[in-house]
């Protein structure tokens, strides 16, 4: 029998850490017909938090395209799945998930970032997949001051990602980092995980048909008080005082346990396949045991009856609401027929010895799936929660007002920019800009090649590439994008450009972009201007994704990225793109391959310099972001993919931060290594390809997109055949056997330029 | 009878699958053996300790794993002359277990692969290693050419060889340094060494030659798809590059 | 003058747990193992704000996960062994995470281990020494400091 403990709800709100609003509480009381128990109060608080319910964002997200011939599973479960290709009659899917761990990383950067990786990996594992890669789009504050908190966050979050990802043995193959003072108080630590699964062997995050009476098995770390209040924590605004009062919310990562847990789960997958058993499997995230068990059962049309006394705990004195809702890491839930339970417990507890790996870690049956759609929790002989499960997990909605964003229509001078700065000085300043400088000092801390399946590790291509199915020539690419300099200027365009850049990076390795994930990092949705940016970004994302035919299969929303002082992050729609290669031997890398090749620029120079690095370097202003002409760009991408398949591209690089000359430098720098021959570049006078449509600064430093490709002399005819009829293909120069970047009649020493490019992040990541 | 190779999986190992596959692609009859099945180990003819973070390298890399029950069997097998190869974390475990360089008592290390220099951070970077001993000095390297250059990935936070000065001299003079870091043209100097390892050492071998500990991972550059620049000469799915090292190991196992 | 602090985790210490189970497997009698980062520093600053100054360096101390205590003495107490790394690392730079602390000119870092018996008393010297020799200290690269050792 339910004997709710009376609580003085509204009065307690200030002290209990509960973030539910009074109208939501009233609704709960009305529906239950009584005051909720303490456990119920915390359960609704977690389940109805923005983090779990997407209450103020979901109705906007439905505007994103989510269907297409490659979509095996759209955004409904813990991860989305895209069809990669076939090999020997098997269809292979790429499982992908994308999340943020922003707030925890600002407060306890090592643990916050590490548990970000840990959580996203579980989202992929629980689809029955083997985890094959992670990626980490990062946004930090300005780090120039070695004594600053921002520097500490930027260094320590990277250490956390490195420590966790390396130890579990999943290569980090893609990522980016930007530094901007608007992230001083709110870093963004986004994480992407990717897995591979045979499409016939996908495990879903819901109780399968006929599951009434099945066992609910909790697997993993012993439940402890860590991470209690996490779901609402991430939906609250951060300020200095909160850092202390929220310390109970520190989530403790254990990559050692996770490493074993993943391998044990792979063994369980094998067992289930062998015996042809369908089961449900889901990661514990926000809302802990309650959130996971309620969602996995309600999604199958069932209820759940759970005995909290059966949960393996780290300490005895835990309150029921902490056991039920706390967010102890490294846990998953299975829903399986009772007949196979002993075997699953044996695999985790005996074969993979979980209890010896971490204190009281294990797999244990905690309850059953019920036909009746109630969610019931027992604790020490009492029923501490008994609610309609659909009311708990069903959609709540918060339609908040927002402002249409209004991009100022400033009068701009269309004339070419004149700087008065020498070309070599400008190039050096752009190359050493914080958003352009080499990322190698950061990413060399990540294992990019564990699992032995890496084709292009971090730095070798615009996207990371793997051969995910051993013995098959299939390739998969992963790229990320999202430019905060654009986010500052125009949220809608930032969304469009994020998709465009992620797609462009996939094309640049010869991989056809097949689908996307998004993590939408914004300020406070209760601020109509911030919510307006969110809505506008979605419009931009939808526009670009529709044009490129790349649907969204999973995603995440992170709101309240705002400090008490009102410093909100720039609109930050961050995108990951999955690309497919039928034959990984057609992959294209960034590095130049030989002297005597012809270099082509594929793209259209534009006069808009808004959001560019060169404008920032010069301290100028330009409100215009480059336009994206999909009718021109899409055929260019198709042409480049065809040329890559025909093996006529020796090297390819997309043009991004810093523009065309930076892209050329980045193609030449990897050849400056002792023991191999350096390859330099001779670039023609830009008039040759702009015909005066833009000035030299715009041609060399503009960021309107496009590509550079290297075509060997013997392949020029084949390439020009493929590129025939394609708009915007310009021959711009040749590769040479000297370590210089020669522009018209000036020559710059590539070694010197490389040193400028390497230096800034080496100081932050020595 | 085919000689059987055990690929040991400690809790926290993470490179077992690719190591197993490359050994098999190089003709080895290789099998995974998990820690809960340690007692199977005596039946195998050779042991490979793959990379990873056994016991998450708690205390020090390899320190706890060196005391794992599986190591009792490995130590026994090494004494009997079985071939033992440790890669990366496997190498660290062999040093902690005292099997390499083998100049002291068992489980009383005389040298260590310890925290990288000049900054004590994990690094992941492509390297070349050069055979620094007579190939015949060890059955594991007998299939390689003198001064052979092998591509590999360094991916470790604790890969810097350290020991006291006298001992380092001994290691150098008695041919314990099996591989050194090198530039792609074979030149050896400190700038080719990513972690300030003493003697530029990338790998050590014991006196008898049957136990070898190598820090960088040849198996991560072991197929053509790992290094697409080789695709003109080899099929994309073929073993190539670092596979030469594993071929030599497998040949050594078969020759015992 | 020389001052010293110990910084330990107030969130669960997974490494200490694994160490305990390994020591027990090796036949070493301990009921609890505590691990801390010990800093022995040369400090010319004001003694009264010493702890506050140490706590101000977030690369070594984060209040959300650490607790910091003034040790008072610069050598191990009963039941403790401190492990120091020999070698070429630039101590101040590395050990203070590249961040300065006002008044502090030198810093030496140790990993401090404390073994506790089931009755709560510190483990005997012989037990601590065998734990260090078997597991906690690699004699090739590290030095162990015990109570009373110089």
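Any read-out appearing in this document is the output of simple, stated calculations on the displayed coordinates, not a laboratory observation. Since we're looking at a predicted model, the values are computed, not measured. Cβ placement follows ideal geometry from the backbone for every residue including glycine, while neighbour counts extend to all protein chains displayed.
What's the extension gain from residue A:212 to residue A:713 if we count 0.36 nm per residue and subtract their Cα-Cα distance? Write down the numbers at each step before the final one.
Details: separation 501, 0.36 × 501 = 180.36 nm, distance 6.75 nm.
Result for the pair: 173.6 nm of gain on full extension.
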Using only the alpha-carbon atoms, how far is helix A:109-125 inclined from the longest principal axis of chain A? Give it as 0 to 90 degrees, nearest 10. 80 degrees
Inter-site label distance for residue B:173 and residue B:31 at 7 Å from Cα along Cβ, in nm: 4.5 nm
Provide the descending list of Cα extents for region B:145-256 along its principal axes, expressed in whole angstroms. 48, 37, 25
May I ask for the equivalent-ellipsoid semi-axes of region B:146-189, computed as the square root of five times each C-alpha gyration tensor eigenvalue and listed largest first in whole Å? 21, 16, 9
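For A:748, B:245, A:548, which order do you get if you count the other beta carbons within 10 Å of each Cβ and list the fewest first? All intermediate terms of the calculation are to be shown ahead of the outcome.
On the way: A:748 19, B:245 33, A:548 24.
So the residues, fewest neighbours to most, are A:748, A:548, B:245.
So what is the relative contact order of chain C, in percent, for Cα pairs below 8 Å that sit 6 or more residues apart?
Normalised by residue count, the contact order of chain C is 33 percent.
Cβ neighbours within 10 Å, averaged per peptide: list A:98-105, A:596-603, A:721-728 in order, most packed at the top. The partial results should precede the final answer.
Working: A:98-105: 27.1, A:596-603: 22.2, A:721-728: 15.1.
Ranked by mean Cβ neighbours within 10 Å, highest first: A:98-105, A:596-603, A:721-728.
To the nearest 0.05, what FRET efficiency results for residue C:56 and residue A:22 with a Förster distance of 51 Å applied to their C-beta separation?
For R0 = 51 Å, the calculated efficiency reads 0.80.
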Relative contact order (%) - criterion: Cα under 8 Å, at least six apart; region: chain A: 15 percent
Gyration tensor (alpha-carbon) shape descriptor, region B:1-137, a/c threshold 1.5: rounded
If R0 is 45 Å, what FRET efficiency do you get for residue A:731 and residue B:238 from their C-beta distance, rounded to 0.05? 0.80
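Hey, fewest Cβ within 10 Å first, where do C:106, A:677 land in order? Present the calculation step by step, with values, prior to reporting the outcome.
Values: C:106 13, A:677 10.
So the residues, fewest neighbours to most, are A:677, C:106.
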Computed from every Cα-Cα pair in region A:64-167, P(r) in 10 Å bins starting at 0 and rounded to whole percents is 14, 36, 27, 16, 6, 1
Efficiency by 1/(1 + (r/R0)^6): what FRET value for residue A:749 and residue A:594, r their Cβ-Cβ distance, R0 = 25 Å, to the nearest 0.05? 0.75
Cα gyration tensor of region A:616-701, axes a ≥ b ≥ c as square roots of the eigenvalues: rounded (a/c below 1.5), prolate (a/b > b/c) or oblate? oblate
Label-point gap, in nm, between residue A:647 and residue A:738 - each point 7 angstrom along Cα→Cβ: 3.4 nm
Per DSSP helix of 4 or more residues, -39500 (n - 2.57); summed, then divided by the residues of chain A. What does that give at 222 nm, rounded to the nearest 500? -10000 deg cm²/dmol
Distance histogram for the protein assembly as shown (every C-alpha pair counted, 10 angstrom bins, percent rounded to whole numbers): 2, 10, 19, 23, 22, 15, 7, 2, 0
10 Å-binned pair-distance histogram of region A:446-546 (Cα, whole percent): 15, 38, 27, 16, 4, 0
Percent of Cα pairs exceeding the 15 Å cut-off, where the set is region A:493-554: 51 percent
Extension gain from residue B:40 to residue B:119, taking 0.36 nm per residue of separation minus the Cα-Cα distance: 24.4 nm
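Distances longer than 15 Å among the Cα atoms of region B:67-166: what percent of all pairs is that? Intermediate values should be presented prior to the final figure.
Numbers: 3428 of 4950 pairs.
Within region B:67-166, distances greater than 15 Å cover 69 percent of Cα pairs.
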What is the distance in Å between the Cα centroid of region B:124-141 and that of region B:214-246? 15 Å
So how compact is chain C: Cα radius of gyration and Dmax in angstrom? 15.5, 46
With a Cα-only, solvent-free Debye model of region B:69-121, what are the log10 I(q)/I(0) values at q = 0.13, 0.29, 0.30 Å⁻¹? -0.33, -1.20, -1.25
Taking 8 Å as the Cα distance limit and 6 or more residues as the minimum spacing, I'd like the relative contact order of region A:551-626 as a percentage. 16 percent
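What are the equivalent ellipsoid semi-axes of chain B, built from the alpha-carbon gyration tensor (square roots of five times its eigenvalues), in whole angstrom, biggest first?
Numbers: eigenvalues 106, 102, 61 Å².
Equivalent-ellipsoid dimensions as semi-axes: 23, 23, 18 Å.
Give me a single rounded figure for B:11-22: the average over its residues of other chain Cβ atoms within 10 Å of their Cβ.
Values: counts 12, 12, 4, 12, 6, 2, 9, 8, 1, 1, 4, 1.
That works out to 6 on average.
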Exposure proxy order (Cβ contacts within 10 Å, fewest to most) of A:756, A:194, A:290, B:71: A:756, B:71, A:290, A:194
Peptide B:122-135 - average C-beta neighbours from other chains (10 Å radius): 3
Compute the distance in nm between two label points, each set 7 Å from the Cα along the Cα-to-Cβ direction, one at residue C:147 and one at residue B:147. 6.0 nm
Would you tell me the mean number of C-beta atoms belonging to other protein chains that fall within 10 Å of each C-beta in A:658-666, as a whole number? 0
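What is the gain in length, in nm to one decimal, between residue A:91 and residue A:567 on full extension, counting 0.36 nm per residue of separation less the C-alpha to C-alpha distance?
On the way: separation 476, 0.36 × 476 = 171.36 nm, distance 4.74 nm.
Separation in residues times 0.36 nm, less the Cα-Cα distance, equals 166.6 nm.
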For region A:112-198, what value does the Rg/Rh ratio take when both radii are computed over Cα atoms and Rh is the Kirkwood radius, given to two decimals? 1.05
